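Chemist: Just passing along the structure, written as structure tokens.
The values are calculated or read from the model by the stated rules, or taken from the named source; none is laboratory data. All values reported here derive from a predicted model rather than from experimental measurement. In this analysis, Cβ positions are derived from the backbone assuming ideal geometry, glycine residues included, and neighbour counts consider all displayed protein chains.
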Amino acid sequence: MKFNSDEIASVIQKEIETFESQMDVREVGTVLEVSDGIARVYGLSGVMSGEMVQFPSGVIGLAFNLEENSVGIIILGDYLTINEGDEVKALGKLLSVPVGDGVIGRVLDPLGNPLDGKGPVESSEQRPVEVIATGVAERQPVHEPLQTGIKAIDAMTPIGRGQRELIIGDRKTGKTAVAIDAILNQKDTGVKCFYVAIGQKDSSVALVVEALRKYGAMDYTTVIVSGASTPAPLQYIAPYSGTAMAEHFMFNGQHALIVYDDLSKQAVAYRQLSLLMRRPPGREAFPGDVFYCHSRLLERSAKLSDDLGGGSLTSLPIIETQEGEVSAYIPTNVISITDGQIYLQPDLFFKGVRPAMNAGISVSRVGGAAQIKAMKKVAGGLRLDLASFRELEAFAQLGTELDPATQAQLDRGYRMVELLKQPQYQPLSVTEQVISIFAATRGYMDDVDVGNVSDFETKLLEFMRDRKSDVINQLAEAGDLSEAVESAIRSAIEEFKKGYRPG
Amino acid sequence: MSEHATVLDSDEQQVGTLYAKALLGSAGDAVDEILSDFEALVVECLDQHPGLETALASPRIGQEEKEGILDRIFRNRVHPLLLNFLKVLCRRDRIASLRTIQTTAVQMREEALGKQRVIVQTAQALSDEQKATIAEALKNKLGKDAVLIEQVDESLLGGIVLRIGDKVLDGSILGRMNSIRSVVAEGVQRAIRNQYDSLMSS
């Protein structure tokens, strides 16, 4: 198979015939110096902050610092191809990325260039990377649930569409796993997902992409990668360009979910740029505007008003803490910006409680508005019960004699903890979650051995799916735990328990 | 870069602007005389005898001795004000910025006179007639007298490139060919994507 040279020639001829010759007018400057990811340029007197510039090698830069005698440029690409004295051209436009259905299912860099070897991104639309977030009048309160498929989260810290829920924890506590499960659970819901990997090992990103592909999530997911080896400017803009791609769907009345994994690394990249640009360092050497760097990003997640189509953008930023230090600069900043946080703890993780969520300090400020009624009913007091169980558990370890009521509360607590454990890549639908939490909180698991709780749950859900699908359908349709539904569930569980044999 | 040999050091540029402003301010009516003396001094004296500049900038030679040198060489050859200015530069340890001050002073003078420097790059040297046409056209466009600085660059192949301050007007054949190249490359790529089969000969 060879290219037909005549056909190619005719294509070229057509292009040349339609070529419109125009005088090329451009604003230029000269490179004074280049260092890690940044350049200082003399000239460009008319350039505006955030404007795109181009170096002779074709590399794109952004005007970052406008100083009296020079312009500080952040270089979005290979800065080793740039030399002192090179002519820099202002392009007179803002950095934009391709958006639309063409980006779905792709692995892209922060400029929208493909990294998956599947050819160019086919998209006719572009959207600026940095835009000001929608205002008060264009929004409405968050009220639709975004199911993550994780029992502990959907029951205790529910997330709504348009909410920003922080996932925070030390390294290796399953932060990414929670986010990936949330993406997997968006299958067949129409929610478009975006996973932005910032400063991560390329091997970890490859694993994530592989997992998404294996569970069929790449059909509705875009992965934006700026790995640990990419220059800091690209790591800095990656979340903004991911958000631009996601916003496109929000403004078209659809729903999107974006995961920033993780923002601590983005802050570090921003710190590097700012220090190289000689902006004054502040706390932990971060620049003074690192708060704004995150707030203007997360503010772009929104639930739009019905006039604007009612679309939404939900974000799950991830922050990695050092030795559980949540009072460090970046964690406190992002905690204060987001609408709640899911706090993952290493000691829980190693005890086998996975997801290792600490129910006591994890919150969702949107709360019950983001839950279906049935879930609200079964999971109402769960968070507080679990917190008081943790207290009792510590007390019980002293070996004191306990009265029967306390002992019962402890036993219930052990079973709840066991129930809230959930393996990775196995998100549950909300109806299944309601049924298993119902069974536990209403005492149907009190006589099951703690070690058999998960077996009981699996078999119960299997039984419900196979034999009582009418009950599941009834619950899914009503979305509420009416008396009829409740008694149907009760009798189904009782029927199941008669035949239940552990093992 | 030949026109602005020193312009790349922005700190020095700042110093140059400051001193040039002071020189022009104190020059009064003799400004053009002083500037031409200044240019001659740089081109004919300092460029020919690099040792002199080294001596003037050297910290090992005392101020009085430097002023003596300047007096002996330049008295009655340059405008007295310029001589004084050189002495001030010695005293302030700014001899290193001399050339920046000179080029900046010339530029500021041109600006004050309403002149605009325009670098004209062509593939072949321009005739006087062509220069006049270009100058006329620029005057109409800019509303200022254009000071043409010609550069011949054969790689342009043809046409003309004008550099007015930071703005570049590229009407060269080279520039046009570069844009045709990117347009054609894009078009062919698009064609390959869209009509892959018809482009292949089996």
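Chemist: Which is in contact (Cβ under 8 Å) with a residue 24 or more places away in the chain, β-branched (Val, Ile, Thr), surrounded by 13 or more Cβ atoms within 10 Å (Cβ to Cβ) and more than 14 Å from chain A (Cβ to nearest Cβ), of B:Ile101, B:Ile164?
Modeler: B:Ile101
Chemist: Those residues that are within 7 Å of chain A (Cβ to nearest Cβ) and among the small types (Gly, Ala, Ser), I need them from the stretch B:167-178; list them, please.
Modeler: Listed by number, the residues that qualify are B:Gly171, B:Gly175.
Chemist: Among the residues of the stretch A:68-86, is there at least one that is within 13 Å of chain B (Cβ to nearest Cβ) and assigned to a strand (DSSP E or B)?
Modeler: Yes.
Chemist: How many residues does the stretch A:30-60 contain that are over 39 Å from the mean Cα position of the chain (by Cα) and either touching a residue at least 60 places away in the same chain (Cβ under 8 Å) or under 26 Å from A:Pro128 (Cβ atoms) (or both)?
Modeler: Result for the stretch A:30-60: 2.
Chemist: Let me ask you something else. Given the conditions (1) at pLDDT 90 or above; (2) within 14 Å of chain B (Cβ to nearest Cβ), and given that A:Arg106 satisfies all but one, which numbered condition is not satisfied?
Modeler: (2)
Chemist: For A:Leu94, all conditions in the list (1) farther than 25 Å from B:Leu174 by Cα; (2) touching a Gly at 6+ places or on another chain (Cβ under 9 Å); (3) buried (at least 20 other Cβ atoms within 10 Å of the Cβ) hold save one; what is the number of the exception?
Modeler: So A:Leu94 meets the others, but not (3).
Chemist: Would you tally the residues in the stretch A:13-32 being surrounded by 11 or more Cβ atoms within 10 Å (Cβ to Cβ) and either aliphatic (A, V, I, L, M) or more than 9 Å from chain B (Cβ to nearest Cβ) (or both)?
Modeler: Final tally of qualifying residues: 7.
Table: residues versus (1) under 17 Å from A:Arg26 (Cα atoms); (2) within 11 Å of chain A (Cβ to nearest Cβ); (3) without any contact (Cβ under 8 Å) to a residue 12 or more places away in the chain.
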{"residue": "B:Gln116", "(1), (2), (3)": "no, no, no"}
{"residue": "B:Val120", "(1), (2), (3)": "yes, no, no"}
{"residue": "B:Ala137", "(1), (2), (3)": "no, no, yes"}
{"residue": "B:Gln151", "(1), (2), (3)": "no, no, no"}
{"residue": "B:Glu154", "(1), (2), (3)": "no, no, no"}
{"residue": "B:Gly159", "(1), (2), (3)": "yes, yes, no"}
{"residue": "B:Val188", "(1), (2), (3)": "no, yes, yes"}
{"residue": "B:Ala191", "(1), (2), (3)": "no, yes, yes"}
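Chemist: B:Ile101 versus (1) under 23 Å from B:Leu174 (Cβ atoms); (2) under 14 Å from the mean Cα position of the chain (by Cα); (3) at pLDDT 90 or above: which is the lone unmet condition?
Modeler: (1)
Chemist: Right, next: Cβ contacts < 8 Å: first residue within 7 Å of chain B (Cβ to nearest Cβ) and within 13 Å of B:Val188 (Cβ to Cβ), restricted to the stretch A:1-12; second residue surrounded by 10 or more Cβ atoms within 10 Å (Cβ to Cβ) and at pLDDT 80 or above, any location; separation 6+ or different chain. Result?
Modeler: Short answer, once both residue conditions are applied: A:Ile8/B:Val188; A:Ile8/B:Ala191; A:Val11/B:Gly187; A:Val11/B:Val188; A:Val11/B:Ala191; A:Ile12/B:Val184; A:Ile12/B:Gly187; A:Ile12/B:Val188.
Chemist: Please enumerate the residues belonging to the stretch A:324-356 that are hydroxyl-bearing (Ser, Thr, Tyr) and touching a helix residue (DSSP H, G or I) at 6+ places or on another chain (Cβ under 7 Å).
Modeler: Those that are hydroxyl-bearing (Ser, Thr, Tyr) and touching a helix residue (DSSP H, G or I) at 6+ places or on another chain (Cβ under 7 Å): A:Tyr329, A:Thr338.
Chemist: Output the number of residues of the stretch A:131-154 satisfying the condition of being acidic (Asp, Glu) and either at pLDDT below 95 or over 26 Å from A:Ala238 (Cβ atoms) (or both).
Modeler: The number of residues fulfilling the criteria is 2.
Chemist: Which of the residues spanning the stretch A:125-148 are in contact (Cβ under 8 Å) with a residue 24 or more places away in the chain, more than 25 Å from A:Val53 (Cβ to Cβ) and in a loop (DSSP other than H, G, I, E, B)?
Modeler: The answer is A:Ala133, A:Thr134, A:Ala137, A:Glu138, A:Gln140, A:Pro141, A:Val142, A:His143, A:Glu144, A:Leu146, A:Gln147, A:Thr148.
Chemist: Here is a follow-up. Cβ-Cβ below 6 Å, separation at least six or inter-chain, first residue in the stretch A:357-377 and in a helix (DSSP H, G or I), second among the basic types (Lys, Arg): which pairs?
Modeler: A:Gly368/A:Lys376
Chemist: May I pose another question? How many of the residues in the stretch A:133-150 are under 18 Å from the mean Cα position of the chain (by Cα) and not aliphatic (A, V, I, L, M)?
Modeler: 5
Chemist: Can you pull out every residue in the stretch A:330-346 that is within 23 Å of A:Glu284 (Cα to Cα) and out of contact with any Lys or Arg (no Cβ under 8 Å at 6 or more places or on another chain)?
Modeler: Result: A:Ile330, A:Pro331, A:Thr332, A:Asn333, A:Val334, A:Ile335, A:Ser336, A:Gln341, A:Tyr343.
Chemist: Spot the failing condition for A:Ser336; the list is (1) outside any strand (DSSP E or B); (2) surrounded by 18 or more Cβ atoms within 10 Å (Cβ to Cβ); (3) modelled with pLDDT of 95 or more, and only one is missed.
Modeler: Looking at each condition in turn, A:Ser336 falls short on (2).
Matching residues to (1) buried (at least 20 other Cβ atoms within 10 Å of the Cβ); (2) over 27 Å from the mean Cα position of the chain (by Cα); (3) in the same structural domain as A:Val485 (by TED's automatic domain parsing):
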{"residue": "A:Gly360", "(1), (2), (3)": "no, no, no"}
{"residue": "A:Arg390", "(1), (2), (3)": "no, yes, yes"}
{"residue": "A:Gln397", "(1), (2), (3)": "no, yes, yes"}
{"residue": "A:Val417", "(1), (2), (3)": "yes, no, yes"}
{"residue": "A:Gln426", "(1), (2), (3)": "no, no, yes"}
{"residue": "A:Ala439", "(1), (2), (3)": "yes, yes, yes"}
{"residue": "A:Arg442", "(1), (2), (3)": "no, yes, yes"}
{"residue": "A:Val450", "(1), (2), (3)": "no, yes, yes"}
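Chemist: Being surrounded by fewer than 12 Cβ atoms within 10 Å (Cβ to Cβ), away from chain A (no Cβ under 14 Å) and hydrophobic (A, V, I, L, M, F, W, C) is the requirement here; does B:Ala125 meet it?
Modeler: Yes, satisfied.
Chemist: Do you know which residues across the stretch A:308-330 are in contact (Cβ under 8 Å) with a residue 24 or more places away in the chain and farther than 20 Å from A:Met245 by Cβ?
Modeler: Those that are in contact (Cβ under 8 Å) with a residue 24 or more places away in the chain and farther than 20 Å from A:Met245 by Cβ: A:Ile319, A:Glu320, A:Thr321, A:Gln322, A:Glu323, A:Gly324, A:Val326, A:Ala328, A:Tyr329, A:Ile330.
Chemist: Scanning the stretch A:44-63 for residues that are surrounded by fewer than 21 Cβ atoms within 10 Å (Cβ to Cβ) and touching a helix residue (DSSP H, G or I) at 6+ places or on another chain (Cβ under 9 Å), which turns out farthest from the other protein chains (Cβ to nearest Cβ)?
Modeler: The extreme case among them is A:Val59.
Per-residue answers, yes or no, for (1) farther than 30 Å from A:Val47 by Cβ; (2) part of a helix (DSSP H, G or I); (3) in contact with a Lys or Arg (Cβ under 8 Å, 6 or more places away or on another chain); (4) among the acidic types (Asp, Glu):
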site	(1), (2), (3), (4)
B:Glu150	no, no, yes, yes
B:Met177	no, yes, no, no
B:Glu186	no, yes, no, yes
B:Ser198	yes, yes, no, no
